[in-house]
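The values are calculated or read from the model by the stated rules, or taken from the named source; none is laboratory data. Bear in mind that the values here come from a model prediction, so they are computed numbers and not experimental data. All Cβ positions, even for glycine, are placed from backbone atoms using ideal geometry, and neighbour counts span all protein chains on display.
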Amino acid sequence: MDLVTGNINNSINDNGKLVSISFNDVLNYHTGNAWFGLSIAFRALELAESTFKKANLIWDRDQLTIVSAHPGPGVKDAIEYITHCISNQKFSLTKECADSNSCSSNMRFAWWISNDTHTAHISLRHNFIPVSFNELLDRIGTTDEQDNDQLDFDQLKQDLANKILQQPLLNNFHCDLYHGSIKPEQLPSDKLD
């Protein structure tokens with residue numbers, strides 16, 4: 001794995017202190033190989049931080065709740081390391097992925113991130129992930145897997161991770177900020193989607 005991490009940082013308030021977290025910090029915390037999901041979630045949280053701060057809203061670990069439409073371990077590790085929402089029991093998955101801990105082409109890279117008053121809905125733009133990514137994802141580990149699929153998939157994940165880490169946030173994500181918050185057990189309503 002050869003990721004270009006640069007000086008990408010997230011910051012978040014925690015007990016009255018501003019904590020700065022680099023992508024390398026999150027990468028070291030994650031012990032698996034789901035660094036593509038880790039990269040996407042890291043940047044999505046960077047966009048959430050920026051959105052909340054631009055609107056003069058609180059961005060504090062104690063007040064955040066996250067609903068995720070992606071159950072992958074890299075996504076979860078980025079969310080936990082930066083926000084502590086999982087250990088604070090302020091995290092849940094959408095209905096379509098609540099029973100899964102693995103990735104599939106049916107999963108969405110989308111999150112609803114709330115403080116006590118507002119919710120940011122952040123999603124990866126539909127054109128970011130190429131068709132070949134989902135084809136490989138669905139084929140690996142099945143009887144249809146071909147000899148080079150795993151190598152091709154790893155290279156594609158690395159290329160996409162570098163793309164998400166290097167490009168401006170709004171090139172790859174869509175973000176809407178809504179008045180109103182969600183609770184961990186509450187799935188987002190159609191009004192927030």
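Points to keep in mind about this one:
- Condition met for L165 (more than 24 Å from V19 (Cβ to Cβ) and aliphatic (A, V, I, L, M)): no
- Which numbered condition T119 misses (of (1) among the hydroxyl-bearing types (S, T, Y); (2) surrounded by 19 or more Cβ atoms within 10 Å (Cβ to Cβ); (3) without any contact (Cβ under 8 Å) to a residue 60 or more places away in the chain): (3)
- Qualifying position, being surrounded by 14 or more Cβ atoms within 10 Å (Cβ to Cβ) and in a loop (DSSP other than H, G, I, E, B), among I129, I113, I164: I129
- In segment 55-74, residue nearest to S39 (Cα to Cα) [restricted to those that are in contact with a helix residue (DSSP H, G or I) (Cβ under 7 Å, 6 or more places away or on another chain) and modelled with pLDDT of 95 or more]: I66
- Just one residue in the set L45, L38 is within 18 Å of I164 (Cα to Cα), part of a helix (DSSP H, G or I) and in contact with a His (Cβ under 6 Å, 6 or more places away or on another chain); that residue is L38.
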